[in-house]
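Have a look at the structure below, then the notes.
Where a number appears in this text, it was derived from the coordinates with a stated rule and is not lab data. Predicted model, so just to flag it, every value in this text is computed and none were measured. Ideal geometry is used to build each Cβ from the backbone, glycine not excepted, and the neighbour counts take in all protein chains shown.
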Amino acid sequence: MELADCWLYLGKIKSDVPLKNVTPAELVLLLRAKINKAGNTRQDVCGTFPVHDLVIHSSVKRSRTHEMNRLHKYGKTPDDSKFTIEELYPGETSVLPETFEETGFLAQAQQKVLGTPVPSPDDAPAEEITPILTPA
């Protein structure tokens, strides 16, 4: 299962929140889950694609049960009938996506919104910065 770092746009407060080690199933949950009693998704509320600057950095072996239990942290459906992840992937035999390509959202989620370039390991500071020490 792939892991990525990305940003989640919270339209209500007009802020971006960094997310670390997001899985493909978690991405689908963040995008497709009904987040209010009107049945709106996060994209409906934001009015724009809410995940951006996604960078895939590694993969991990994780069972379906472990991932489903981990994603229970996102709570239950608006009517409290079941966990949100179980609404998206019902039953014991539903298959969770292993790659971001499988979600169908990879291209949209990789769009650069923040305009902050990713530093290269070869980038060195222009000058040495010495911290100022104050006497105790």
Worksheet item: Amide H neighbours of Thr41 under 5 Å, counting only residues 5+ apart in sequence or on other chains, H built in-plane at 1.01 Å?
Response: Ile35
Discussion item. Please list, ordered by chain and number, the residues whose modelled amide H lies under 5 Å from the amide H of Lys76; skip anything fewer than 5 residues away on the same chain.
Written reply: Thr84
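What is the extension gain from Asp16 to Glu101, computed as 0.36 nm multiplied by their sequence separation minus the C-alpha to C-alpha distance, in nm to one decimal? Walk me through the numbers on the way to the answer.
Details: separation 85, 0.36 × 85 = 30.60 nm, distance 2.32 nm.
In short, 28.3 nm is gained.
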Response to the item:
The answer for Val113, listing residues at least 5 apart or on another chain whose modeled amide H is closer than 5 Å to its amide H, is Asp53
Worksheet item: Under a point spin-label approximation (7 Å from Cα along Cα-to-Cβ), what is the Gln110-Glu92 distance to one decimal in nm?
Response: 3.7 nm
Worksheet entry | HN-Hα J in Hz across the stretch 88-96 - Karplus 6.51, -1.76, 1.60, θ = phi - 60°, x for Gly and Pro | 6, 10, x, x, 7, 9, 5, 9, 7
Item to complete: Express the Stokes-Einstein translational diffusion coefficient of the stretch 2-109 in µm² s⁻¹, to the nearest whole number, given a Kirkwood radius over alpha-carbon pairs, 25 °C and a viscosity of 0.890 mPa s.
Response: 172 µm²/s
Worksheet, complete the sentence: Listed with the fewest Cβ neighbours within 10 Å leading, Phe49, Phe83 appear as Phe49, Phe83
Item to complete: Give Lys82/Lys112; Lys73/Lys112; Lys20/Lys76 a once-over and call out the pairs whose C-alpha atoms are over 29 Å from each other.
Response: Lys82/Lys112
Fill in: Cut-off 11 Å between beta-carbons: net charge of the residues surrounding Ala4, Lys and Arg +1, Asp and Glu -1
-3
